[in-house]
Amino acid sequence: MIHVFTGPTLSPDDPALQKQALRVLPPIRHGDLFGPQIKPGDTVVIIDGVYHQSPAVRHKEIIWTIGRGVRVIGAASIGALRAAELGECGMLGVGAVWHAYASGLLDGDDEVAVGQSTDGDLRACTWPLVRVRQVVGTAMSKGVVDPAQADRLIDLSAGVYYAHRSLDAVRLISRREAPAFAEWLADALAADPHFGDVKRADALDAVDLAIEMDKTPAEPLEGLTWSTRCFRQWANAFAAQDTEHGRLLTVRRVNFQQVFDADFKQVWWEYLTSFGAPDLLQGLACTVIHPRTDLTDEATAARLLARETDADRADVARYEAVNAEAGQAYRGFFPEAIKERVVRDMLAAVWGTGPDGLEEEAWLRGLHGVREAVDAARPFVLGFLQDQEAAR
């Protein structure tokens, strides 16, 4: 399977993306590569990605993806940037933009950044600087502008904030600095709306390469390192599984067991002893030993969810829906804003402990003390309180 992350550079409805059964996805963001649909042997093509509205895809995510046997190709935009940075790790770069970054001719993100439409169709509303460079270079080669005019046009365009560098802005600069160029560019765009769109040309080449290379499945690369503390946190945060109640985050399901299953302490103890925990008092071992839990590992997830029921999964999904509804009804609401005191009161009620007993109980349930227990329980508070109210 070929997974293509694209948006303003290459429209999802572009005929080039209809050639083969491609899985076309929106611009990539942090966490997207953890999706279960991306499997060893597949190919990922990274073209566009988000920068401001959501965290960008991390380098370690790409290295992990390559390391598990997924071919990753980058071009045009953030794909070109990441490929230039991760070429030694096995990421393949395609096209003129990638080559310019890899060779050091370009080094700024603003060279490829564009402002996007807000109406959901992912159209670019501005011109990336690499396109300005391309059309000015073509004009100079045809004698439309001289080298001094070309440098001036590029410098002035580079001085415009990327989100404001619209075609109108480029035309305004052109009419003022080189009227002949402005007229020539208008004619060229009338004949071909994609004229000078080097990012689009690179994206098309990347898709073609992916289709050709997909005939030979990728293989895992050895010697790559990605397992840092931050990476493990990301992997656990995005691990998810499809259930009868929709797609649920694995960490949310485990947290639900830690909070609401009275016997989860035994589940956690059995998990600890599988690592050869010393024969100490159970409470002491739980506070001393805390293995690096990998929720992307199916065996680990199954062990920690051994006592989970269908009703538990239904509650997790229902509580998620309650939070979503609250967020729509009360703008600005999110579970993390729930006061710590309210969460502690809920935990004390569910666990049957006084305030002083929360710390020990949290460790026995595989949580790093009451602070982590509060964070784990927050997504369930609103739904739990609604259930309590309904029961009354």
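Here are the numbers for this structure:
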{"quantity": "Test for G327: is it more than 26 Å from V267 (Cβ to Cβ) and under 31 Å from the mean Cα position of the chain (by Cα)", "calculated": "yes"}
{"quantity": "Matching residues, the range 141-159, being part of a helix (DSSP H, G or I) and within 15 Å of F195 (Cβ to Cβ)", "calculated": "S141"}
{"quantity": "Residue satisfying all of: in the range 1-49; charged (D, E, K, R) and under 16 Å from A206 (Cα atoms); modelled with the lowest pLDDT among these", "calculated": "K19"}
{"quantity": "Qualifying residues in the range 269-304 (those that are at pLDDT below 80 and in a helix (DSSP H, G or I)) - the one surrounded by the most Cβ atoms within 10 Å (Cβ to Cβ)", "calculated": "C286"}
{"quantity": "Residue, nearest to Y162 (Cα to Cα), within the range 93-105, restricted to residues that are buried (at least 22 other Cβ atoms within 10 Å of the Cβ) and of a type in the set (A, V, I, L, M)", "calculated": "V97"}
{"quantity": "Residue check for A311: over 24 Å from R232 (Cβ atoms) and out of contact with any Leu (no Cβ under 9 Å at 6 or more places or on another chain)", "calculated": "yes"}
{"quantity": "Verdict on F181 being closer than 30 Å to V136 by Cβ, touching a residue at least 40 places away in the same chain (Cβ under 8 Å) and surrounded by fewer than 16 Cβ atoms within 10 Å (Cβ to Cβ)", "calculated": "no"}
{"quantity": "Test result for V135, closer than 18 Å to A100 by Cα, surrounded by 14 or more Cβ atoms within 10 Å (Cβ to Cβ) and touching a residue at least 40 places away in the same chain (Cβ under 8 Å)", "calculated": "yes"}
{"quantity": "One residue from R68, R23, R29, R82 being among the basic types (K, R) and touching a residue at least 60 places away in the same chain (Cβ under 8 Å)", "calculated": "R68"}
{"quantity": "Checking S54 against (1) out of contact with any Lys or Arg (no Cβ under 6 Å at 6 or more places or on another chain); (2) surrounded by fewer than 24 Cβ atoms within 10 Å (Cβ to Cβ), the condition it does not meet", "calculated": "(1)"}
{"quantity": "Residue in the range 170-191 that is under 30 Å from Q20 (Cα atoms) and among the aromatic types (F, W, Y) present", "calculated": "no"}
{"quantity": "Options R253, R247; residue that is of a type in the set (K, R), in the same structural domain as V350 (by TED's automatic domain parsing) and surrounded by 18 or more Cβ atoms within 10 Å (Cβ to Cβ)", "calculated": "R253"}
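The values are calculated or read from the model by the stated rules, or taken from the named source; none is laboratory data. What you see is a predicted model; the values in this text were computed from it and never measured. Virtual Cβ from ideal backbone geometry, glycine too; neighbours counted across all protein chains shown.
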